[in-house]
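The values are calculated or read from the model by the stated rules, or taken from the named source; none is laboratory data. Predicted, not measured: the structure shown is a model, and the values here were computed from it. Heads up, the Cβs are rebuilt from the backbone with ideal geometry, glycines too, and the neighbour counts pull from every protein chain shown. Note: accessible area is taken over every heavy atom of the protein model, side chains too, but ligands, DNA and RNA are not part of it. Shrake-Rupley method; radii C 1.70, N 1.55, O 1.52, S 1.80 Å.
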Amino acid sequence: QVQPVESGGGLVQAGGSLRLSCAASGSIFSINTWYRRAPGKQRELVATITSSISARYADSVKGRFTISRDNAKNTVYLQMNSLKPEDTAVYYCNTFPPAVVGFDWGQGTQVTVSS
C-alpha cells in the first residue's frame, strides 16, 4: 500500500500563503489530487492535476490555489495564496478517485487561517 505523506501546513493570517507538499514511498505518479476536510464537513476535492498543463480546481479556490508536480522529486505541491479563514482544514493528497486499490489516506496536514 502506498501512503502519502503531506507536509507544509501551519497557522497563517488571512491573506497569507502556504505551500503544501505531498510525497510517498514508491511512485507518486498516480497521486494527483488534493482534498481537504474542514471541521464538521465532509472531505472535498480541492485540486487535481491531469497533465503538466491541465488542472481542475474547486470553485472556492480558483485563482488562489495552484497544483503542480515535480516527477523528478516525486512530489506534488499545492501553492495556496490569499488564504481565507474558510480554507481552514486538514489537507490530504491522494489519487482521483480517492484511495483506489493500493493507496491509503495519509495523516494530512493541518492548515489554519486566522482572521
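Could you please let me know if Arg19 is under 17 Å from Tyr77 (Cα atoms) and either of a type in the set (Gly, Ala, Ser) or out of contact with any Pro (no Cβ under 6 Å at 6 or more places or on another chain) (or both)? Walk me through how you get there before you give the answer.
Numbers: under 17 Å from Tyr77 (Cα atoms): yes; either of a type in the set (Gly, Ala, Ser) or out of contact with any Pro (no Cβ under 6 Å at 6 or more places or on another chain) (or both): yes.
When the stated conditions are applied, Arg19 passes them.
Considering only residues of segment 29-83 that are in contact with a Cys (Cβ under 6 Å, 6 or more places away or on another chain) and among the β-branched types (Val, Ile, Thr), which is modelled with the lowest pLDDT? Working first, answer last.
First, pick out the residues of segment 29-83 that are in contact with a Cys (Cβ under 6 Å, 6 or more places away or on another chain): 31, 34, 76.
Adding the requirement that they be among the β-branched types (Val, Ile, Thr) leaves 31, 76.
Working: Ile31: 90, Val76: 95.
So the residue we want is Ile31.
Check segment 41-55 and report whether any residue there is within 22 Å of Lys84 (Cβ to Cβ), touching a residue at least 60 places away in the same chain (Cβ under 8 Å) and of a type outside the set (A, V, I, L, M, F, W, C).
no
Out of curiosity, is Gly26 at pLDDT 95 or above and outside any strand (DSSP E or B)? Before you say what the answer is, go through the steps one by one.
Details: at pLDDT 95 or above: no; outside any strand (DSSP E or B): yes.
Taking the combined requirement at face value, the residue does not satisfy it.
Output the number of the condition that Arg69 fails; it satisfies all remaining conditions of (1) among the charged types (D, E, K, R); (2) touching a residue at least 40 places away in the same chain (Cβ under 8 Å); (3) under 23 Å from Gly16 (Cβ atoms).
With respect to (1) among the charged types (D, E, K, R); (2) touching a residue at least 40 places away in the same chain (Cβ under 8 Å); (3) under 23 Å from Gly16 (Cβ atoms), Arg69 is out only on (3).
Quick one: in segment 1-23, of everything that is part of a loop (DSSP other than H, G, I, E, B) and under 13 Å from Gly106 (Cα atoms), which residue is most open to solvent (accessible area, probe 1.4 Å)? Steps first, answer last, please.
The initial filter retains those residues of segment 1-23 that are part of a loop (DSSP other than H, G, I, E, B), namely 1, 3, 8-9, 14-17.
After this cut, where a residue has to be under 13 Å from Gly106 (Cα atoms) as well, the list is 1, 3.
Working: Gln1: 149, Gln3: 90 Å².
Within segment 1-23, the match that is most open to solvent (accessible area, probe 1.4 Å) is Gln1.
Please enumerate the residues belonging to segment 27-42 that are surrounded by fewer than 13 Cβ atoms within 10 Å (Cβ to Cβ) and at negative phi. I'd like the intermediate steps shown before the answer.
So in segment 27-42, the residues surrounded by fewer than 13 Cβ atoms within 10 Å (Cβ to Cβ) come out as 27, 29, 39-42.
Within segment 27-42, Ser27, Phe29, Pro39, Lys41, Gln42 meet the criteria.
Every residue, every condition in (1) without any contact (Cβ under 8 Å) to a residue 12 or more places away in the chain; (2) closer than 22 Å to Gln1 by Cβ; (3) open to solvent by 60 Å² or more (accessible area, probe 1.4 Å); (4) in contact with a strand residue (DSSP E or B) (Cβ under 8 Å, 6 or more places away or on another chain), yes or no:
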position	(1), (2), (3), (4)
Ser25	no, yes, yes, yes
Phe65	no, no, no, yes
Asp87	no, no, no, yes
Thr95	no, yes, no, yes
